[in-house]
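What follows is a short report on a single structure.
The values are calculated or read from the model by the stated rules, or taken from the named source; none is laboratory data. Please read these numbers as outputs of a predicted model, since none were measured by experiment. So basically every Cβ, Gly included, is an ideal-geometry build from the backbone, and we count neighbours across all protein chains shown.
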Amino acid sequence: MSIYEIVVVVRPDLDEEALNAVLERVHQRIVEVGGEVTSTDRWGKRRIAYPIRKYRDGFYVMSVFSLASDHVARLRQTLELNEDLLRFVVATHRVAPKPVDAAPAATPTPAATPTPAAASAPAATPVAAAAPVAAAPAAQPVGQTPAAAPAAEGPAAPGSSGTADV
């Protein structure tokens, strides 16, 4: 069984009791198709980006559940019949990786202490130090162009006056 999450947007004109009944029906449909609800998180009433069935707000609720992947389509079909749901989306639930705590600076790491074999080995020279670095070109003052090589002077092509006719 895979782990999924569903985010539902419920009509905003429902009272707390009716909202609980709608969520209970959604959870009941999940159980009917062979799933198990593991958690529910109410996000509260929020503004919708665009009107849905003339509603500008909706109650957002996210539930995490486990269900066989071949039953997800049947769950979507049954939830589409519920008129209290303005929108819903079922997606694969992915848990965010936990941040790795940095090791305390006072504790030496095993890689930081040199071994006797590494101390007797010759030190390798960095590759970047061996390659010469080209100097960056100097900045030109505003309004001046860099000096260019003198143009080769010679006879102009026949029929050209050397200026562009516009």
Filter region 62-71 for residues that are in contact with a Gly (Cβ under 9 Å, 6 or more places away or on another chain) and surrounded by 13 or more Cβ atoms within 10 Å (Cβ to Cβ); the one that is nearest to LEU19 (Cα to Cα) is PHE65
Single residue of GLY34, GLY44 found to be loosely packed, with under 10 Cβ neighbours inside 10 Å, at pLDDT below 95 and on the phi > 0 side of the Ramachandran plot:
GLY44
Look at region 1-51 and say how many of its residues are touching a residue at least 24 places away in the same chain (Cβ under 8 Å), assigned to a strand (DSSP E or B) and aliphatic (A, V, I, L, M).
8
Restricting attention to region 36-88, report how many residues are over 15 Å from VAL10 (Cα atoms) and not aromatic (Phe, Trp, Tyr).
18
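Rundown of residues vs (1) of a type in the set (Gly, Ala, Ser); (2) in contact with a helix residue (DSSP H, G or I) (Cβ under 9 Å, 6 or more places away or on another chain), yes/no style:
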| site | (1), (2) |
| --- | --- |
| VAL9 | no, no |
| VAL33 | no, yes |
| TYR50 | no, no |
| GLY58 | yes, no |
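A quick yes/no check of all residues on (1) within 25 Å of the chain's Cα centre (by Cα); (2) among the small types (Gly, Ala, Ser); (3) surrounded by fewer than 17 Cβ atoms within 10 Å (Cβ to Cβ):
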residue	(1), (2), (3)
ASN20	no, no, yes
SER39	yes, yes, yes
TYR50	yes, no, yes
ARG56	no, no, yes
LEU75	no, no, no
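Checking the structure you have, find out if any residue of region 52-60 is closer than 22 Å to VAL95 by Cβ and either β-branched (Val, Ile, Thr) or free of Cβ contacts under 8 Å to residues at least 12 places away in the same chain (or both).
The answer is no, given that none of the residues of region 52-60 is closer than 22 Å to VAL95 by Cβ and either β-branched (Val, Ile, Thr) or free of Cβ contacts under 8 Å to residues at least 12 places away in the same chain (or both).
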Residue satisfying all of: in region 1-18; touching a strand residue (DSSP E or B) at 6+ places or on another chain (Cβ under 6 Å) and surrounded by fewer than 16 Cβ atoms within 10 Å (Cβ to Cβ); farthest from VAL89 (Cα to Cα) among these
MET1
Inside region 77-86, can you point out the residues that are surrounded by fewer than 15 Cβ atoms within 10 Å (Cβ to Cβ) and either acidic (Asp, Glu) or part of a strand (DSSP E or B) (or both)?
GLU80, GLU83
State which residue pairs qualify: first residue more than 17 Å from VAL37 (Cβ to Cβ) and inside region 66-86, second residue part of a helix (DSSP H, G or I) in any location, beta carbons under 7 Å apart, and separation of 6 or more residues or different chains.
ASP84/VAL22
